[in-house]
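Step one of this worksheet: look at the structure below.
Just so it is clear, none of the values below were taken in a lab; they were calculated from the coordinates. Being a predicted model, the structure only gives us computed values, none of them experimental. As a convention, Cβ positions derive from the backbone with ideal geometry for all residues, glycine included, and neighbour counts pool all protein chains shown.
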């Protein structure tokens with residue numbers, strides 16, 4: 001059964017044929033779309049809604065991610081926070097266990113400062129909440145942080161006026177204080193960062209001299225970073241009590257982060273005399289843990305969004321399949337004519353696939369545009385941010401075209417399988 | 001060129017219909033040379049539609065030989081049949097079978113699309129084919145803007161555009177009034193005079209009588225094959241006696 005020679009068409013002939021059939025297919029597809037505008041519109045509606053939902057949700061989630069990552073960056077990407085408490089605990093039992101641990105104190109600080117060779121900066125942080133006053137102005141619930149001169153390196157922030165705490169402030173336990181933006185503004189009407197340098201404020205009744213003011217920082221995970229005052233941790237211990245547990249913020253370079261953790265573990269186990277067979281009685285916290293937890297949360301959201309989107313797209317795809325089946329039936333005679341005139345099965349198949357994916361891709365494009373609009377609207381009307389990545393758009397478009405292909409393939413296959421004799425006779 | 005254009009030998013086409021075998025064609029043999037104008041006549045149910053589908057490469061025989069322009073058609077695959085139809089056969093149908101949304105020119109271009117002819121050449125050749133059937137001024141009209149006779153002329157132009165070796169017309173006047181039908185038959189006469197090979201499938205003895213040759217089918221067999229007028233008369237006589 002050798003095929004006739006002429007069937008083995010030359011490449012260029014095949015190409016011209018493919019181009020001709022392609023443009024013919026496009027013409028037919030457009031013609032039938034425009035020929036039944038209402039029907040095409042209703043057919044694509046499912047896809048439009050599906051893609052719109054996914055794009056809007058993805059845009060909002062990505063906006064949240066960006067905002068969150070920006071905030072988390074404030075914690076310092078390459079900083080390890082040593083504390084007796086872990087940031088994330090699994091249950092109350094664990095919390096009690098941690099509460100009963102020895103406090104982290106001056107001994108640990110000195111050991112880490114002395115021995116942690118991989119650290120680029122170490123700052124102790126001891127926190128309390130208290131009242132700060134100036135003249136007859138009073139601000140309650142201010143975060144009081146005892147720290148040292150390396151705080152800016154480990155935990156971020158910039159000085160707006162004056163200077164930050166110095167090593168002399170710490171060594172001599174001076175009554176120096178750096179005010180957060182909000183504190184300065186609330187205690188000094190007509191606040192000018194430069195103007196209040198050298199002024200006196202009282203922290204829980206103890207007098208301090210303002211040596212510097214911080215620039216505005218905003219919020220971190222709902223925590224106000226501007227309602228804060230920073231004092232030397234030595235002064236803090238004298239004025240507010242030295243029996244509080246402290247957190248050590250230890251910074252390093254990105255490539256040494258893992259090694260630093262090992263080093264810190266070694267130092268702390270030794271200083272705190274943890275027997276070799278016992279678990280660590282301290283925690284090394286990193287901002288990455290926040291990101292992980294956050295990724296888990298948004299990952300679930302993502303999954304739900306994608307699930308909803310996929311279901312809608314499948315429903316939309318069934319709509320397309322339905323319309324394509326109707327279209328194949330309506331055009332049975334046309335298919336017969338085309339077959340009689342020399343269209344191969346493949347040609348008919350491609351023609352219908354072309355049509356269904358075009359419908360779906362159009363729906364996808366409209367849905368993407370609407371989704372972006374909805375996301376922008378949400379961003380405008382609510383505190384939620386919206387960020388649109390090109391990947392999300394590409395995903396929406398290609399996914400809807402794929403739906404068109406997948407759900408168009410059965411009708412197209414049916415069209416291609418039609419017997420030309422039967423098709424020509426079809427009334 | 002001494003080979004006949006069409007060689008049909010012991011052609012059978014059987015259908016299974018509810019457990020029963022229907023012998024739509026039951027051993028048909030004939031040859032048709034290039035340039036002939038042949039009518040295939042017969043009552044409905046005589047097998048002429050089945051024969052037309054086979055000759056048109058729309059269907060394949062159950063058994064027997066069909067050679068068209070040197071190619072053995074029986075046993076060809078679907079793609080090969082499609083290509084063969086495209087190159088060798090021009091169809092003219094009773095119901096015109098034009099694509100409603102396409103213009104006359106686009107309808108005529110269609111066989112060339114499936115042959116891989118470039119767009120520019122398609123245009124030129126389709127316009128020339130429309131001119132040949134006297135419809136050059138209707139090229140951009142859609143079928144619903146044309147009269148029945150004009151539609152059938154467009155269909156003839158579409159059948160001719162690919163320069164096939166065989167023009168296969170299935171009751172081409174069946175949906176036309178007698179004057180317009182007459183026009184189309186005259187058009188076929190002209191095409192025959194220009195050297196085209198034409199097969200006209202019809203149930204009307206009147207049309208067959210005007211063809212130089214006619215083949216009469218009955219119950220799936222050839223019962224007469226001769227000059228059109230004689231075969232047609234035979235049918236008419238039979239019809240009278242029946």
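Inter-chain neighbour count for B:44-53: the average number of beta-carbon atoms from partner chains within 10 Å of each residue's beta-carbon is 1. Using only Cα atoms and rounding to the nearest 10 degrees, what angle (0 to 90) does helix B:104-113 make with the longest principal axis of chain B? Value to nearest ten degrees: 70.
Orientation-averaged projection of chain B equals 14.0 nm² [convex hull of Cα atoms, one quarter of hull surface area]. Give me the log10 of I(q) over I(0) for the range B:1-138 at q = 0.10, 0.13, 0.20 Å⁻¹, as the Debye formula computes it from C-alpha points; what are the numbers? Ignoring solvent entirely, the Cα scatterers give -0.44, -0.71, -1.26. In this simple spin-label approximation, residue A:259 and residue A:311 carry label points 7 Å from Cα along the Cα→Cβ vector, and these lie 5.2 nm apart.
Each peptide in A:103-114, B:201-212 was scored by the mean count of other Cβ atoms within 10 Å over its residues; highest first, the order is B:201-212, A:103-114.
Projected over all directions and averaged, the alpha-carbon convex hull of the protein assembly as shown occupies 47.3 nm². Can you give me the C-alpha center-to-center distance between the range A:276-340 and the range B:64-95, rounded to a whole angstrom? Result: 48 Å between the Cα centres.
Peptide B:11-17 has a mean of 0 when you count, residue by residue, the C-beta atoms of other protein chains within 10 Å of its C-beta. Judged by the gyration tensor of its Cα atoms, with axes a ≥ b ≥ c, the range A:79-286 is prolate; a/c meets the 1.5 cut and a/b is the larger of a/b and b/c. Calculated on C-alpha atoms, the gyration radius of the range A:138-181 divided by its Kirkwood radius gives an Rg/Rh of 0.95. If R0 is taken as 45 Å, the Cβ-Cβ distance between residue A:30 and residue B:165 corresponds to a FRET efficiency of 0.80.
Estimated from the Cβ-Cβ distance and a Förster radius of 60 angstrom, the FRET efficiency linking residue A:391 and residue B:206 is about 0.25. Modelled this way, with points 7 Å down the Cα-to-C-beta line, the labels at residue A:220 and residue A:66 are 2.3 nm from one another.
The range B:159-174 and the range A:186-245 have Cα centres separated by 98 Å. Taking 0.36 nm per residue of separation and subtracting the Cα-Cα distance, full extension of the segment from residue A:137 to residue A:200 would add 21.5 nm. Only DSSP H runs of four or more residues enter the estimate; each adds -39500 (n - 2.57), and after division by the residues of chain B the mean residue ellipticity at 222 nm equals -11500 deg cm²/dmol. Mind telling me which of A:270, A:150, A:286 comes out most flexible in a GNM of chain A, alpha-carbon contacts under 10 Å? Comparing A:270, A:150, A:286 in a Gaussian network model of chain A, the most mobile one is A:270. Relative to the longest principal axis of chain A, what angle (0 to 90°, nearest 10) does the C-alpha long axis of helix A:390-417 take? So the inclination is approximately 20 degrees.
For the range B:112-242, the Cα-based Rg and Dmax, in that order, read 17.0, 58 Å.
Between residue B:33 and residue A:384, the modelled labels are 8.4 nm apart [label points 7 Å from Cα along Cα→Cβ].
On full extension, the segment bounded by residue A:172 and residue A:73 gains 32.4 nm, given 0.36 nm per residue less the C-alpha separation.
Taking the number of Cβ atoms within 10 Å of each Cβ as an exposure proxy, the fewest-first ranking of B:192, B:14 is B:14, B:192. Helix B:228-241 axis versus longest C-alpha principal axis of chain B: approximately 50°, rounded to the nearest ten. For the range A:13-59 versus the range A:359-427, the spacing of their alpha-carbon centroids is 8 Å. With Cα atoms as the point set, the range A:175-285 shows a radius of gyration and Dmax of 18.7, 60 Å.
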